[in-house]
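A.B. asks: Would you mind keeping the following structure in view while I ask a few things?
The values are calculated or read from the model by the stated rules, or taken from the named source; none is laboratory data. These numbers come from a predicted model, not from an experiment. Note that we place each Cβ from the backbone using ideal geometry, even for glycine, and neighbour counts take in every protein chain shown. For the accessible areas, the whole protein counts, side chains as well, though only heavy atoms, and no ligand, DNA or RNA atoms are used. Shrake-Rupley method; radii C 1.70, N 1.55, O 1.52, S 1.80 Å.
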Amino acid sequence: PDIIRGFIKQVLALRILIISIYIPIFLMFILVGVVTEISPNLSIQDLTRDVAALGRLPFYWGSISQLGILFWSAIVTLCFSTYFILKKISPHQKESLKFLLYSGLLITYLTLDDTYMLHEDFFPDYVRFIPEKAAILLLGFAIVLFLYFNFAEILRNEYGLMLLGLFFFGISVGLDLIPDRILEYRYVFEKLELILEDGAKFTAIVTWLVFYA
């Protein structure tokens, strides 16, 4: 009885928070139902189930990519949680707050890009007027702006890790820009390119995770 009364008391005390969590989830699944109803080639499980389960793929397919997305998410969590804590206990640290906020926004985009293939698939094939190379150039421009507006704050930290991460990320992006037709008939070079590209990106993610931690 005490546990039940405590549960009811907590739910009532947190009702605004609970409603703000559950309503967006409810609306998201309503939207999924509507979209799948009006689209003949799309079913509910296409949007809700795991990709490996949908494709009947072995569990380890894409495991390095999935691990990278988990690390991206960890960086986003570090940035935003630290931002809100610092804003509450030390709001005068404007430069640090700006750096954490901009970092959180940039890494959030990179996480979404890695998860939903924004520059490879979404922008060129669905948005259409943003080709893949343009999306990559816009991302590069955003990174340059991020460095420019946060340069002093970066230098106050272990900026060597930030620069190393940028170096490996640049290698990955550069290799991603190589046209597939150049490598498709040279299996050894194609395999080496994939290892270097994905390996460099994963190294960059881990380096930035350590930097922000």
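A.B. asks: Please calculate the 1.4 Å probe accessible area of Glu197, with all protein chains present, and give it to the nearest 10 Å².
C.D. replies: Surface open to solvent at Glu197 totals about 30 Å².
A.B. asks: Still on this structure, I have one more. In the full protein assembly as shown, how much of Lys94 is accessible to a 1.4 Å probe, in Å² to the nearest 10?
C.D. replies: Counting only protein heavy atoms, Lys94 exposes about 140 Å² to solvent.
A.B. asks: With springs only between Cα atoms under 10 Å, which of Val34, Val11, Val144 fluctuates most in a Gaussian network model of the chain?
C.D. replies: Val11
A.B. asks: When every alpha-carbon pair in the chain is counted, what percent end up more than 26 Å apart?
C.D. replies: 52
A.B. asks: Also: Scaled to the compact-protein estimate 2.2 N^0.38 Å, what is the alpha-carbon radius of gyration of region 23-135, rounded to two decimal places? Mind dumping the intermediate values first?
C.D. replies: Working: Rg = 18.2 Å, N = 113, 2.2 N^0.38 = 13.3 Å.
It is 1.37.
A.B. asks: A follow-up question, please. Leaving out ligands and nucleic acids, note down the accessible area per residue over region 119-161 with a 1.4 angstrom probe, in whole Å².
C.D. replies: Here the residues of region 119-161 average 70 Å² of exposed surface.
A.B. asks: What is the distance, in nm, between label points placed 7 Å from the Cα along the Cα-to-Cβ direction at Leu14 and at Leu112?
C.D. replies: For Leu14 paired with Leu112, the spin-label model returns 2.7 nm.
A.B. asks: For Met28, what accessible surface area do you get with a 1.4 Å probe? Give it in Å², rounded to 10.
C.D. replies: In the full protein context, Met28 sits at about 100 Å².
A.B. asks: Based on the Cα atoms of region 88-187, what semi-axes does the equivalent ellipsoid have, where each is the square root of 5 times one gyration tensor eigenvalue, given in whole Å with the largest first? If you can, show how the numbers build up before the last one.
C.D. replies: Working: eigenvalues 199, 57, 22 Å².
Equivalent ellipsoid of region 88-187: 32, 17, 10 Å, largest first.
A.B. asks: Right, here's the next one. Name the helices (complete DSSP H segments) of the chain with a Cα length along the long axis of 24 Å or more and a Kyte-Doolittle mean of at least -0.5, or state none.
C.D. replies: For the chain, where a helix must reach 24 Å along its axis and average at least -0.5, the hits are 15-38, 63-89, 94-116, 132-149, 159-176, 187-212.
A.B. asks: Which one of Asp121, Asp46, Asp113 has the biggest mean-square fluctuation once the chain is modelled by GNM with Cα springs under 10 Å?
C.D. replies: Asp46
A.B. asks: Rounded to a whole number, what % of the accessible area of region 1-142 do carbon and sulfur atoms account for, probe 1.4 Å?
C.D. replies: Within region 1-142, the accessible surface is 71 percent carbon and sulfur.
A.B. asks: Right, here's the next one. Using only helices, what value at 222 nm comes out for the chain when you add -39,500 (n - 2.57) per DSSP H run of length 4 or more and divide by the total residues, to the nearest 500 deg cm²/dmol?
C.D. replies: Theoretical 222 nm ellipticity from helices: -25500 deg cm²/dmol.
A.B. asks: Here is a further query. Would you mind working out the accessible area per residue for region 5-92, using a 1.4 Å probe, and quoting it in Å²? It would help to have the intermediate numbers written out before the result.
C.D. replies: Details: 7150 Å² over 88 residues.
Here the residues of region 5-92 average 81 Å² of exposed surface.
A.B. asks: Follow-up. So for region 69-211, averaging the separation of alpha carbon pairs under 8 Å that are six or more residues apart and normalising by length, what relative contact order in percent results?
C.D. replies: With pairs under 8 Å counted, the relative contact order is 25 percent.
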